[in-house]
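Let me begin by presenting the structure, written as structure tokens, before commenting on it.
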2 protein chains.
Amino acid sequence: MTQNIYDNPEFFAGYSQLERSKTGLAGMAEWPALRALLPDMKNKHVVDLGCGYGWFCRWALNAGARDVLGIDVSEKMLARALNEPGQDGITYQRSDLETLMLPEAAFDVAYSSLVVHYVENLERLFNVIHRALLPGGSFVFSTEHPIYMAPRRPEWQIDQEGRKTWPLDSYLIEGPRSTNWLAPGVIKQHRMMGTMLNLLIRTGFVVRHVEEWRPSDQQIVERPEFAEELERPMFLLVAVTR
Amino acid sequence: MTQNIYDNPEFFAGYSQLERSKTGLAGMAEWPALRALLPDMKNKHVVDLGCGYGWFCRWALNAGARDVLGIDVSEKMLARALNEPGQDGITYQRSDLETLMLPEAAFDVAYSSLVVHYVENLERLFNVIHRALLPGGSFVFSTEHPIYMAPRRPEWQIDQEGRKTWPLDSYLIEGPRSTNWLAPGVIKQHRMMGTMLNLLIRTGFVVRHVEEWRPSDQQIVERPEFAEELERPMFLLVAVTR
């Protein structure tokens, strides 16, 4: 089973203080880029893998989706999601993405935000998603970028001339990475970009778009701390179709 | 016009001393991985973009290609290529890849080894290659990996604990990079992986395989200095079809 870090009280307390937890999609700097990869939601059957508080589920419903299935392993997150008003058309389900089963050819759109880097058996999950999509259906997801995840010491360094650099190493050594983010010992699965893309292709998906997210110039003006995101990518956004 | 660095005497003298210049494909550590992405050459019409000394052209001919067109901008390299024996079926042509024209639907296979990172107008070149391929035809190429190319100071650093790291920065800032490799001021064009893949997709190609090259365990045993290639990728290999 994937480490269910979101039900760790320390992690959950920290996570619920993040901007993206408090303001939802509006607090996700990468959301405009991710949204641009999504098809029109009108009358669509949608599944959100790792739905958390259900922000995306509600957005999809408001954007015209016929129904939305939100899946998460975290009891705490689903409890909060269920408390929201105006969710007629959304079903929440507690499942581990390592063992998830989905009905075949049941969805037009599968979405997943910053979750697949926790999944150990990604080949299995991609297969489940592929089978669950209708022909022509879309799978759009974000993940931590492997450049961000790979290093043994994922912290900025200052070089001899005062420039900020990202000390990349072990990029080609795939496998678990343990970091202290909100709680000690959070386990993520490092995979190269090529590995993820080849898994998708072998599963039968057609790759439509691969985006190494960068803040827009406007975002950098509004939040100058985003400028460092130009040095190394933090997020990878991918759109594929069945 | 692309900087024709290969006709710079200093660069050419250095280049001709590289293992890959002296022993050809056998001296290219990434060749087995690149070859694995190529279709069967039997009776194929093949074009090699940036053919250099013509090693690949001769390999393709020996592997059964019907005919091979080798294209390069460097007079010195083509002069050496033309001097080789046993090339009945190979045509060499001097052209700049920025302005290259190719006949339409004329080739089954397009190949390019470590050249596209010199090309400024890659969108144009990908379009020319797409139109030059027969439906179902393959384009297989290698390029310097953007992680390798991006940094302002592309040299290993040793961290506080003696570990070798690659000081990545400016990955999301695309454009020219000037390095001193064999000669001062060699200009390469840094593009993110996503940018290259999206260009290929928009051109109409279907992405088949994306490989961030790593030496095999056997290669590391034979040449222990290859172990550092596990820290950051040097080459990116891509296979697409029309």
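We did not get these values from a lab; they are worked out from the coordinates using the rules stated. Just so we're clear, the structure is a prediction, and the values are computed from it rather than from any experiment. Note: ideal-geometry Cβ built from the backbone for every residue, glycine included; neighbour counts use all protein chains shown.
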For the range A:91-118 and the range A:154-228, compute the distance between their C-alpha centroids and round to whole Å.
23 Å
Once phi for every residue in the range A:152-157 is put through the Karplus expression 6.51 cos²θ - 1.76 cosθ + 1.60 (θ = phi - 60°), the whole-Hz ³J(HN,Hα) values, with Gly and Pro written as x, are 5, 10, x, 9, 4, 10
Pick from A:H209, A:H190, A:H117 the residue whose mean-square fluctuation is largest in a GNM of chain A, springs joining Cα atoms under 10 Å.
A:H209
Once you have the alpha carbon radius of gyration of the protein assembly as shown, what is it after dividing by 2.2 N^0.38 Å, with N set to its residue count?
1.05
Please say if the range A:162-242 is rounded, prolate or oblate, where rounded means a/c under 1.5 for a ≥ b ≥ c the square roots of the C-alpha gyration tensor eigenvalues, and otherwise the choice is prolate for a/b larger than b/c and oblate otherwise?
oblate
Which far-off residues, 5 or more places away or on another chain, put their amide H under 5 Å from the one on B:V73, with H placed in the peptide plane?
B:S95
Given H placed 1.01 Å from N in the peptide plane, which residues other than close sequence neighbours of A:Y171 have an amide H under 5 Å from its amide H?
B:R232
MRE, 222 nm, helices only [DSSP H, n ≥ 4, -39500 (n - 2.57), over chain A, to nearest 500]
-7000 deg cm²/dmol
Taking the Cα centre as origin and putting +1 on Lys and Arg beta-carbons and -1 on Asp and Glu beta-carbons, what dipole magnitude results for chain A, to the nearest 20 debye?
420 debye
Shape call for the range A:12-87 from the C-alpha gyration tensor, a ≥ b ≥ c root eigenvalues: rounded (a/c under 1.5), prolate (a/b greater than b/c) or oblate?
oblate
Taking neighbour Cβ counts within 10 Å as the exposure measure, how do B:E228, A:E231 sort from fewest upward?
B:E228, A:E231
Fluctuation leader among B:D169, B:D48, B:D72 - chain B, Gaussian network, Cα springs under 10 angstrom:
B:D169
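Counting only other residues whose beta carbon sits under 14 Å from that of B:A227, what net charge do I get with K and R as +1, D and E as -1?
Value of the local net charge: -2.
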Counting only residues 5 or more apart in sequence or on a different chain, those whose built amide H sits under 5 Å from that of B:A105 are B:A132, B:L133
Principal axis dimensions, chain B - Cα atoms, whole angstrom, descending
56, 39, 36
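So if I take the alpha carbon set of the range A:82-187, get Rg, then get Rh from the Kirkwood formula, what is the Rg over Rh ratio?
Rg/Rh for the range A:82-187 comes to 1.09.
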